[in-house]
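Since the structure comes first, as structure tokens, the remarks are kept for the end.
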Amino acid sequence: MNAKAGNAAMETLLGSIKFDITPTYPVSLLGYFNDRVSTGVADPLFCRLLAIENDGARLLMVQIDNCLIPTEDAEDLRKEISSQTPYEPSEVLISTTHTHTAPALIGFYGAKREDSYRKELYDRIVDSVKAIKPDTPCRVKTTRFRAEGLSHNRRWYMRDGRVVTNPPKGSKNRVKPEGTVDEEAVLIGFFNEKDDPMALLVNISNHTDSVGGTEISADWPGFMERHVEEELGIPVNTVTLIAPQGNINHYDFDSLRNQTSHEEAQRIGRAYADLLLSMLSQCRAMDTGKLDSALSYVDIAPREISTSELQRACEIIGTPESADKSGDLKAEDLATPAVLRIFATQLLAFHNAMPRSYSVPLQVLRMGDIYLCGIPGEPFVEIGLELKKSAERETVVPVSLAGGYFGYIPLETSFDHGGYEIKQGVHNCLSRKAAEIILESLQNMIMGFTGREAV
């Protein structure tokens, strides 16, 4: 733990940078079950940095418009930043927006890792951190708002008792969603002396896959930021921190309208932006006199594989029709033979290469009574909801896709129900117990700051 106490009367200083990271050449896009090469740019990608300082204590947030950052890359990037700047590794939170239309920083599901883009991106991040100066006095305010009807649980009980991820829209075989949603968004604003917002942190639980296709796009977080700036008439660095959403997406399964398009991304982004804008005047001042951070590594066993699962994987690979991979293989294609073959291949590769355990980095950044909890993967929404209950008076902000990627982190009970998220693979690899271990570890880290026992 890196504990640095400040005085509540001291000024909080902010440094904010946003730079364009849109590739100028065709790249492999990550997010589906086959390789997609970009055919153009629908809207730009950015990297956003926020540097916060108070009485010598500091925090840094690095947010990238990308599907995910590999754990090894996040670790190396934190260390490189630390070696060239005053920031300790625990003070640097690296997260992604999870857009499915950005260059592949890792190669899996057929996508090719874009090594040149990756190196250029990381070098630019380090150079930008070296250049950023937290020298603008600001007031920090926060509020919460509800975003109803924009997110849905994507795992459904079917009439035959199975749970299916993304069942056919309008299907008569659907019974009810397996779980809930989190419609509460947390807004943290940094305001200048004129009370204009300079930067906004927004914690939202939703998947970032509403565009589709092969054009580069930041998806709904990009539309949200642009709409905020258009309405306010000033540049505002809007940092989307994705809350746990491993079993959540934007599909309304009772609607038959197309929900994969730029128009859909714009609709969602504008809806979030309008809610956010309506709440700016409701933000209350918060005390950031104490900045603090902690980074902990938790050993978690690999995901369990049964003999029957191995046998079934071999049978699927031996089926001729599973070799057909024509067209884009999206989230709606989870039950097709081609995708089942991909899952089977991933399972066998995972079985042959699994380690004894994984060292999973968990991170907490403290800003006064607000705790940002970084989780390297896609936890189910219930994990985020439980984390929010972890402190009595403080605001806990769970951040997915932070500090790396270990795939989906389902509830232990979900493993017996079926669905896409429980499939084992090299990049979907943590034990059934992972959710429980991560939740308890983060709760203990939070309580280490407050000095109280977990609620």
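Values in this text are rule-based calculations from the coordinates and carry no lab data. All of these numbers come straight from a predicted model, not from anything done at the bench. Neighbour counts are summed over all protein chains in view; Cβ atoms, including those assigned to glycine, are modelled from backbone coordinates with ideal geometry.
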Item to complete: Find how much the distance from Arg393 to Lys133 grows on full extension, using 0.36 nm per residue of separation minus their present alpha carbon separation; answer in nm with one decimal.
Response: 90.4 nm
Worksheet item: Taking Lys433 as the anchor, which aspartates and glutamates have their alpha carbon closer than 12 Å to its alpha carbon, excluding any fewer than eight residues away along the same chain?
Response: Asp299, Glu304, Glu412
Practice prompt. For the chain, give the magnitude of the charge dipole about the Cα centre (Cβ charges: +1 Lys/Arg, -1 Asp/Glu; no others), in debye to the nearest 20.
Written response: 540
Practice prompt. Would you please put 179-186, 90-97 in order of how densely packed they are, using the mean number of other Cβ atoms within 10 angstrom per residue and starting with the highest?
Written response: 90-97, 179-186
Fill in: Inter-label distance, nm, simple model (7 Å from Cα along the C-beta direction), Asp123/Ser83
1.6
Response to the item:
Rounded to a whole number, the Stokes-Einstein D of the chain in µm²/s (Kirkwood radius over Cα pairs; 4 °C; 1.567 mPa s) is 58
Fill in: Estimated FRET transfer efficiency when R0 is 51 angstrom, pair Thr307-Ser261 (beta carbons, to 0.05)
0.70
Fill in: Length gained when the stretch Ser281-Lys169 is fully extended (0.36 nm per residue, less Cα-Cα span)
36.5 nm
Worksheet item: aspartates and glutamates within cross-link reach of Lys169: Cα-Cα under 13 Å, excluding same-chain residues under 8 positions apart?
Response: Asp252, Asp254, Glu332, Asp333
Fill in: Virtual spin-label span in nm between Thr413 and Thr39, 7 Å along Cα→Cβ
4.4
Worksheet item: Which one of Cys429, Leu385, Thr336 is farthest out on the positive end of the charge dipole of the stretch 328-455, using unit charges on Cβ (Lys, Arg +1; Asp, Glu -1) and the Cα centre as origin?
Response: Cys429
Worksheet, complete the sentence: Quick calc: nm separation of the 7 Å Cα→Cβ label points for Asp76 and Thr319 -> 3.8
Fill in: Entries of Lys18/Lys388; Lys18/Lys141; Lys79/Lys388; Lys18/Lys112; Lys18/Lys176; Lys133/Lys194 with Cα pairs more than 32 Å apart
Lys18/Lys176
Discussion item. Taking R0 as 30 Å, what FRET efficiency do you get between Arg113 and Thr450 from their Cβ-Cβ distance, rounded to the nearest 0.05?
Written reply: 0.15
Response to the item:
Listing Cys67, Cys314 by rising number of other beta-carbon atoms within 10 angstrom, fewest first, gives Cys314, Cys67
Worksheet item: Counting Lys and Arg as +1 and Asp and Glu as -1, what is the net charge of the other residues whose Cβ lies under 11 Å from the Cβ of Val175?
Response: +3
